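Read the figures in this text as sums done on the coordinates, not as results from a lab. What you are looking at is a predicted structure, and each value in this text was computed from that prediction instead of being measured. Please note: Cβ atoms are built from the backbone with ideal geometry, for glycine as well, and neighbour counts cover all protein chains shown.
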Ligand code: AHR
């Protein structure tokens, strides 16, 4: 039913992939099987969210009977482009990827289109005027996440708020959109001001490093808005090391709601978390089956999400899946 894989060139193509590529499940079409084959180019392993997302994709592929070829780009766009080119050479049935940054994808996506391999964007979007380069985009509304974070702050400030924004990876959709939504929500509130904005690359180490520097350059910061839990947790370490109390001296708002973040929220060290759901695997596999069969799918599938206060986190923590 699916296209036959050409073995010639596979070894060569795989050799060009970065160290982290892997194939899950046996029985590929290349070895005589008849399974649908998905090439998945993951961003990296930068955060708790990403780890949960990778696990979800791997598990869902397995239970959907899809052979997954997986690569970890270590947060580098050139690695993701190499992985996608390798999947094209291997003639996989469908390519899914979460773009590290928004721009610079048209050329490689055009190669996939010419090879008649459908592409699904998952988690993050690309910034391209040619929407024919991909079939659908499954993931969160990052602007709305930023709005929720900003709205909470407008409703929970007691006096002037001097905000340090710790951004995600520069040029990544969630970094751009979470900033946009937050700014929209605080617009016109003269008692809330973003006094510093720096990238912590979505990692805990990055968040800690940025916060250490900001506490020196802006000692009067009393709010941190971190674009993910990991950076917020890194900021907490820096705040404690500076002799201040996270959650009290400095209010902290983050995005994701992974277990470690929710624990800090329940403990009062984070004040509010906007959820970003990483469990996209099942929906991704359903969409993949449909696009390979040539069925119509929605252009955009938005993930349902909520937000948590400290009290709410304490209630749901024990059942949290990631
Ligand atoms: O694209 C989703 C974002 O990427 C998550 O919020 C963050 O934790 C991850 O690194």
Sort 237, 304 so the one with the fewest other Cβ atoms within 10 Å of its own Cβ comes first.
304, 237
Hey, what number do you get for the chain at 222 nm if only DSSP H runs of n ≥ 4 count, each worth -39500 (n - 2.57), divided across all residues, to the nearest 500?
-12500 deg cm²/dmol
Determine, from the Cβ-Cβ distance of residue 74 and residue 249 and an R0 of 41 Å, the FRET efficiency 1/(1 + (r/R0)^6), rounded to the nearest 0.05.
0.70
If you line up the long axis of helix 48-64 against the longest principal axis of the chain, both from Cα atoms, how many degrees apart are they, to the nearest 10?
30
Could you give the angle, 0 to 90 degrees to the nearest 10, between helix 173-186's Cα long axis and the longest principal axis of the Cα atoms of the chain?
30
Cα long-axis angle, helix 204-217 against the chain (0 to 90 degrees, to the nearest 10):
30
How much length is gained on full extension from residue 305 to residue 260, taking 0.36 nm per residue of separation minus their Cα-Cα distance?
14.4 nm
Under 8 Å for C-alpha pairs, at least 6 residues apart: give me the relative contact order for the chain, rounded to a whole percent.
16
Which value in nm describes the separation of the simple spin-label points at residue 183 and residue 295, placed 7 Å from the Cα toward the beta carbon?
4.1
quick note, the chain, DSSP beta bridge pairs, % antiparallel (nearest 5) is 15
Using only the C-alpha atoms of the stretch 142-276, find the volume of their convex hull and express it per residue in Å³.
87
Proportion of all alpha-carbon pairs of the chain beyond 30 Å (%):
36
With a Förster distance of 45 angstrom and the Cβ-Cβ distance between residue 217 and residue 107, calculated FRET efficiency to the nearest 0.05 equals 0.65
FRET efficiency, 1/(1 + (r/R0)^6) with R0 45 Å, evaluated for residue 315 and residue 116 via beta carbons
0.35
Gap in Å between the Cα centre of the stretch 50-120 and the Cα centre of the stretch 162-191?
28
dims of the stretch 68-161, Cα set, principal axes, largest to smallest, nearest Å -> 59, 27, 23
Choice from 164, 235, 213 with maximal GNM fluctuation in the chain (Cα, 10 Å cutoff):
213
